[in-house]
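Q: Starting off with a structure, shown below.
The values are calculated or read from the model by the stated rules, or taken from the named source; none is laboratory data. Since the model is a prediction, treat every value here as computed from it, not as a measurement. Reconstructed Cβ throughout: ideal geometry from the backbone, glycine too, with neighbour counts over all protein chains shown.
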Amino acid sequence: MQSLNRMALELVDEAIEFADELAIETRELAGGATVLDFGVETFGGYEAGLLLAEIQTGGLATVQTESGTVDGAPMPHVKLHTDHPALALLCSQKAGWELSVDGFEGLGSGPARALVAEEDVFRRTGYADACEFATLAVESDELPEQAVADHVADMTDSEPGSVFLPTFRTDSIVGSTVLAARAAEMAAFRLTELGYDPAALLTAHATAPVAPVADDYETAVGRTNDALAYGAQVHLTVEDEFDRFDELPSTARDEYGVPFEQIFDDADWEFYDVPTEVFAPAQVTVDVVGGPTHALGATDETLLAQSFGL
């Protein structure tokens, strides 16, 4: 398999070349790193969000929009498919890098994580990337400066001029789009946390509604998580049977039916105090090759309509 960061770089180059058409902006920091504003100070849009979702998966997923409804109201949905779930979703797309550098706070996802490869998921998959370029997508309400680029370069053993930092706000069109694209990753991560071998994940296909952009961070976090927990539909093709598939969907958790803004508020917005099992998609179908097909969970469009302000 080619380097995830090498494949992502082709998409980053596309974003730079078509920045005007995507309604994004790029700027080079003093040390040579490139920051791509995907919706912090710029408008961004669905096309920018789809491209960024592909960047986050290292180019190993196809990401598109499609028409759908929420409680009878027309609403765009994001559709993602990959034949490399372990690499695309767990080793790349997963938001597993917490950035806290000189007052800057953000959450990192994308193929640069595979250059560090210290998270447990890399031990499980046995994958680590080697590339002179590093691309880390950053979820933050401000654009990263030189100190952040230097930190990423140091952690990935890259030159600062080889670091690319596409950045987006949660409360933006791009934010709503890329977060809706995480439904399959959420299911894959939940399954491996239950003890399933990530190498036995063969394909992943998912759709989820794009949450309306909120006017504040807390509402945006609530809506984008509700879109997944109450509106996402995931299909996994797997190699082996497993006795814990029924724990995959959000319906399996005690907190089912509670909007995420309330869940986070009850935890005083300390994200690491929220149990990881609450982050699960609404519906999951698990197709065991040569075996049974498990249909699990249910969507809740009434709750979604309330969360989205419909």
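Q: Run down Glu66, Glu54 and say which single residue is acidic (Asp, Glu), in contact with a strand residue (DSSP E or B) (Cβ under 8 Å, 6 or more places away or on another chain) and either more than 24 Å from Met7 (Cβ to Cβ) or surrounded by fewer than 15 Cβ atoms within 10 Å (Cβ to Cβ) (or both).
A: Glu66
Q: If you don't mind, another one. Collect the residues in segment 108-134 that are among the aliphatic types (A, V, I, L, M) and assigned to a loop (DSSP other than H, G, I, E, B), keeping them in residue-number order.
A: Listed by number, the residues that qualify are Ala112, Ala117, Ala128, Ala130.
So that you can scan it fast, the table gives a plain yes or no per residue for (1) under 16 Å from the mean Cα position of the chain (by Cα); (2) closer than 30 Å to Tyr46 by Cα; (3) modelled with pLDDT of 95 or more:
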site: Tyr217; (1), (2), (3): no, yes, no
site: Gly231; (1), (2), (3): yes, yes, yes
site: Thr276; (1), (2), (3): yes, yes, no
site: Val286; (1), (2), (3): no, yes, yes
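Q: Identify all residues within segment 172-225 that are crowded, with 24+ Cβ neighbours inside 10 Å, touching a Ser or Thr at 6+ places or on another chain (Cβ under 6 Å) and among the hydrophobic types (A, V, I, L, M, F, W, C); write none if there are none.
A: Within segment 172-225, Leu179, Ala204, Val210, Ala211 qualify.
Q: For segment 166-189, state whether one or more residues are part of a helix (DSSP H, G or I), hydroxyl-bearing (Ser, Thr, Tyr) and touching a residue at least 60 places away in the same chain (Cβ under 8 Å).
A: Yes, that holds for at least one residue.
Q: Considering each residue of segment 141-151, count those that are without any contact (Cβ under 8 Å) to a residue 60 or more places away in the chain and under 17 Å from Pro111 (Cα atoms), and give that number.
A: Selection size over segment 141-151: 2.
Q: Give segment 24-40 a look and list any residue that's modelled with pLDDT of 95 or more, within 21 Å of the chain's Cα centre (by Cα) and assigned to a loop (DSSP other than H, G, I, E, B), or say none.
A: Hits for segment 24-40 are Ile24, Phe38, Val40.
Q: Being assigned to a helix (DSSP H, G or I), of a type in the set (Val, Ile, Thr) and under 23 Å from His81 (Cα atoms) is true for just one of Thr224, Thr219. Which residue is that?
A: After applying the criteria, what remains is Thr224.
Q: Within segment 1-21, which residues are under 19 Å from Leu136 (Cβ atoms) and modelled with pLDDT under 95?
A: Gln2
Q: Next question, about the same structure. If we scan segment 71-87, do we find a residue that is closer than 19 Å to Phe164 by Cβ, polar (S, T, N, Q), in contact with a strand residue (DSSP E or B) (Cβ under 9 Å, 6 or more places away or on another chain) and surrounded by 23 or more Cβ atoms within 10 Å (Cβ to Cβ)?
A: No, segment 71-87 has no match at all.
Q: For residues that are part of a loop (DSSP other than H, G, I, E, B) and over 19 Å from Thr57 (Cα atoms), scanning just segment 135-164, find the one that is farthest from the chain's Cα centre (by Cα).
A: Going through the qualifying residues, I end up with Glu159.
Q: Somewhere in segment 38-47, is a residue aromatic (Phe, Trp, Tyr), out of contact with any His (no Cβ under 8 Å at 6 or more places or on another chain) and crowded, with 24+ Cβ neighbours inside 10 Å?
A: There is at least one residue in segment 38-47 that is aromatic (Phe, Trp, Tyr), out of contact with any His (no Cβ under 8 Å at 6 or more places or on another chain) and crowded, with 24+ Cβ neighbours inside 10 Å.
Let's see how each residue does on (1) at pLDDT 95 or above; (2) surrounded by 21 or more Cβ atoms within 10 Å (Cβ to Cβ):
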position: Glu118; (1), (2): no, no
position: Asp129; (1), (2): yes, yes
position: Asp154; (1), (2): yes, no
position: Pro160; (1), (2): no, no
position: Pro166; (1), (2): yes, yes
